[in-house]
Structure formats: structure tokens, C-alpha cells
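Data first, discussion second: the structure below is written as C-alpha cells.
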């Protein structure tokens with residue numbers, strides 16, 4: 001006989017009763033971990049109370065450096081910077097500040113700055129470019145804009161803003 005046939009004879013053919021024995025039913029006395037009900041009402045990060053959200057925003061703002069070197073060295077999460085953020089928050093802010101500094105709206109300068117932001121330029125690079133137009137106010141402008149960028153990206157990551 002071949003080795004396969006010998007092996008087949010050695011194996012015992014199991015019946016349905018042997019396969020589906022009732023050993024599980026015999027362990028009724030043994031208890032497993034207690035069941036914990038699911039809490040569907042648990043707060044999600046986006047569902048913070050108004051006070052919690054305000055506190056989180058305040059804490060975030062306090063974490064953003066005011067020193068130029070620390071601020072410009074902040075690791076900005078560029079993945080959070082998109083066209084929506086640019087159009088809804090950055091561009092209007094830049095436009096408003098340019099109007100304050102120059103005295104009138106300057107669409108070309110606003111677009112230039114927004115392109116630099118979307119191009120992921122460094123704060124120092126933007127400062128150098130803007131200094132030609134804004135002179136003394138350039139550093140203040142870029143620092144405030146960079147703080148806004150840091151705030152918006154960090155708040156977006158934390159789920160504090162949409």
C-alpha cells in the first residue's frame with residue numbers, strides 16, 4: 001500500500017456529533033469578562049461644549065510663539081493648508097491688512113502673498129519679498145500672518161474649526 005492509503009486508514013473519520021460536541025455548554029460556571037454597554041452619547045472631538053472649545057482655542061493661541069525665530073521655526077502642517085483655508089481665512093485677512101498698511105486694496109500684492117503661501121514658501125522668504133513694499137511693517141505683517149497660518153492649521157488638526 002502506498003503511504004497515502006496508510007495515512008487515510010490511520011485517520012479516524014469524525015461524525016457530526018464529534019465535530020459539533022457540546023463542550024462549550026459544559027462551561028456555564030466559567031464567566032468571561034463582563035459586557036460593557038456601548039456609549040453612543042460619548043463626546044467626539046468635534047462635539048465639544050462651547051466652553052471646552054473656547055478653552056482649547058485659548059490654549060492653542062497661547063502655545064503659538066510670539067518670538068520671530070520660534071514662530072518661523074514652527075513646523076507648519078502644510079497638508080492642512082488648502083484652497084478653502086486660503087480663500088476663507090488667509091486671503092481676506094491679507095487683503096484687510098494690506099489695505100490698512102498701504103491705504104488701499106492691492107489685489108496684485110494679495111494674490112502674490114497667497115501664491116507664496118500656497119507654494120509653501122518659508123516665512124522668511126515671504127518677509128524678504130514683502131519688505132520691498134511694506135518696509136517697516138513687513139515683519140509685523142508676516143509674523144501676524146504666520147501666527148494665523150499656525151493657528152488655522154493646528155485648529156484644523158485638532159478639530160476646532162472646519
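Read-outs throughout are calculated quantities, based only on the coordinates presented, and are distinct from any laboratory measurement. Owing to the predicted nature of the structure, the values given are computational and were not obtained by experimental measurement. Cβ coordinates were reconstructed from backbone atoms using ideal geometry, including for glycine residues, and neighbour counts include every protein chain displayed.
Quick look at the values:
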read-out: Cα→Cβ-extended label distance, 7 Å offset, between residue 66 and residue 99, nm; value: 2.7 nm
read-out: Distance-filtered residues of the stretch 126-162 - backbone nitrogen under 14 Å, label point 7 angstrom along residue 84 Cα→Cβ; value: 153, 156-162
read-out: FRET efficiency, residue 115 to residue 33 (Cβ-Cβ, R0 45 Å, nearest 0.05); value: 0.20
read-out: Mean-position separation - Cα centroids, the stretch 147-162 and the stretch 78-137, in angstrom; value: 18 Å
